[in-house]
Amino acid sequence: MLSKKKKNNAVNEEITASEELTAIKEAVPEPATQEFVAVSQNRQGPIAELVRTSSVGYSVACRKFYWFSLHNMHLIVYTMFFLVLAIFSFYYGFYGNDKMLCIFSAITAAFMLYVIVGGPKLFAEGMSFDEEKQEGTLCCKFYQEELSVTIGEEEMKIPYSSVVQLTVTRHYIYLRLKNNKTFKSGIVMEKPTSDSSVADIEKAIKI
């Protein structure tokens, strides 16, 4: 009888010890889990958030940013035509004897200048959010890895690698995107009042 009691006591002690070890393991979190939680928490907050409503002013600004850009091949071609025609008109007006060619070149150069200056109204389009005067708000959240754009309930993730132009002026921030059907003319937002926010945006996009 004594030997059975000793055996039972030993078994109970082993069960109690195993339960204590299991409790200790469950109480101590794994380092990998802690690191993952910390990283996910760091990614939750945007470095800057810009919100606005639709406006004609933003549409006009978007047209101008899109047109007067080195990425606009139409503007480059029209400017080259204007310069060539202006040189022709100047040369034949002062050094040549062909007045008709001089007049024709001058008129054509003036027309090309009109096309260049009026390009935003003639050929460019603003954001559909402003052109169609959509209701609701447009929200841009700048994260470390990507840009999140929300229009109403629709949210789009845009990687910074698709941003080909970042322009910061006194009142606006303009982003020109590569091969984006939703924002063909780019995205224009109001410039944040904080200079540190602008610096964080420029640092994250890295153009």
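Close amide H pairs (under 5 Å, H built 1.01 Å from N) link Leu177 with Val164, Gly186, Ile187, residues at least 5 positions away or on another chain.
Counting other Cβ atoms within 10 Å, which GluC sites (Glu not before Pro) in the stretch 130-195 have at most 10 and lie in a DSSP loop? Spell out each step's value before the answer.
Values: sites: Glu131, Glu132, Glu135, Glu145, Glu146, Glu153, Glu154, Glu155, Glu190; in loops: Glu132, Glu135, Glu145, Glu153.
Of the GluC sites (Glu not before Pro), the ones in loops of the stretch 130-195 whose Cβ has at most 10 other Cβ atoms within 10 Å are Glu135, Glu145, Glu153.
Couplings 3J(HN,Hα) for the stretch 177-194, derived from phi with the Karplus relation 6.51 cos²θ - 1.76 cosθ + 1.60 (θ = phi - 60°), are 10, 9, 6, 10, 6, 6, 10, 5, 9, x, 10, 10, 10, 6, 5, x, 6, 7 Hz, where x marks Gly and Pro. Estimate the FRET efficiency between Ile107 and Lys178 by the formula 1/(1 + (r/R0)^6), using the beta-carbon distance for r and 41 Å for R0, to the nearest 0.05. Calculated transfer efficiency: 0.60. Once backbone amide H atoms are built at 1.01 Å from N, Lys191 has Tyr172, Ile173 as its partners under 5 Å, excluding neighbours fewer than 5 places away on the same chain.
At a Förster distance of 22 Å, what's the computed FRET efficiency of Phe90 paired with Lys121, Cβ-Cβ distance as r, to 0.05? After rounding to 0.05, the efficiency reads 0.15. With a threshold of 31 Å on the Cα-Cα distance, the over-threshold entries among Lys121/Lys178; Lys99/Lys121; Lys121/Lys203 are Lys99/Lys121; Lys121/Lys203. The spacing between the stretch 96-114 and the stretch 120-141, judged by their C-alpha centroids, is 38 Å. Rounded to the nearest 0.05, what FRET efficiency is calculated for Glu155 and Asp195 with R0 set to 25 Å and r the Cβ-Cβ distance? Efficiency at R0 = 25 Å is approximately 0.35. For the set Met100, Met189, the ranking by accessible area, highest first and with no ligand, DNA or RNA atoms included, is Met100, Met189 under a 1.4 Å probe.
The values are calculated or read from the model by the stated rules, or taken from the named source; none is laboratory data. Only a predicted model underlies this, so the values are computations on that prediction, with no experimental measurement involved. FYI the Cβ positions are ideal-geometry reconstructions off the backbone, even for glycines, and counts take in every protein chain you see. All accessible areas refer to the heavy atoms of the entire protein, side chains included, with ligands and DNA or RNA removed. Shrake-Rupley method; radii C 1.70, N 1.55, O 1.52, S 1.80 Å.
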